[in-house]
Amino acid sequence: MKPPRRVKVGPLRYRVIVDQDQLDAMQARAGVEDPLLGFCSSATEAIYLAPDLGRHTERATLVHEIFHALVTNSGMGEQYGTRKVSEEEAILALDTGWLGVLRDNPKLVAYLTA
């Protein structure tokens, strides 16, 4: 089963792109040297995934990138900057957003649980 083509995260609809060349381009643009399995760009409203990931790794990577989108949408990254965030602060910032992602994306839920 392939990942959904789009995932709604808060008010934004992120395209899900499985393409190594585009992932490499985003990685270079971000100045990241280590190889990435995925990358979330709120600027382009896209989540980029490496092709040929194992079934579970691909799903986990997509969830990981969705959480990056949730952090951006919550303002948590800007609000806390480099300050360490407590476990409770992180959960409070993400819990309703994650519930919204699950409710708004039945194809994502089907993909994750297949």
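Here, each number is a calculation from the coordinates, and none is a lab measurement. Everything numeric here is computed off the predicted structure, so don't read it as measured data. Every residue, glycine among them, receives a Cβ derived from its backbone with ideal geometry; neighbour counts consider all protein chains shown.
Residue farthest toward the positive end of the dipole of the chain, with Cβ of Lys/Arg at +1 and Asp/Glu at -1: which of HIS68, VAL109, LEU37?
VAL109
Dipole magnitude of the chain about its Cα centre, charges +1 at Lys/Arg Cβ and -1 at Asp/Glu Cβ only, in debye to the nearest 20?
Here the chain has a charge dipole of around 540 debye.
For the range 6-113, give me the percentage of DSSP beta bridges that are antiparallel, rounded to the nearest 5 percent.
65
Could you calculate the contour length gain from ASP19 to ASP34, that is, 0.36 nm times the residue separation minus the distance between their Cα atoms, to one decimal place in nm?
Answer, rounded to one decimal: 3.7 nm.
If you project the alpha carbons of the chain onto the principal axes, what extent comes out on each, in Å, largest first?
Computed over the Cα atoms, the extents are 35, 34, 23 Å.
Could you check the simple spin-label distance between ALA90 and THR113, using points 7 Å along Cα→Cβ, in nm with one decimal?
Result: 2.6 nm between the two label points.
Any idea which of PRO51, THR96, MET26 is furthest toward the positive side of the dipole for the range 6-113, if Lys and Arg beta-carbons carry +1 and Asp and Glu beta-carbons -1?
THR96
Mind giving me the FRET efficiency for ASP52 and LYS2? R0 is 22 Å, r the Cβ-Cβ distance, nearest 0.05 is fine.
0.95
5 Å is the cut-off here: which amide hydrogens, built 1.01 Å from N in the peptide plane, fall below it relative to ALA46, excluding neighbours closer than 5 in sequence?
So ALA46 has HN proximity to ARG15, SER41.
Straight-line reach from LYS107: which lysines fall under 19 Å, measuring Cα to Cα and dropping same-chain residues less than 8 apart?
The qualifying lysines are LYS2, LYS8.
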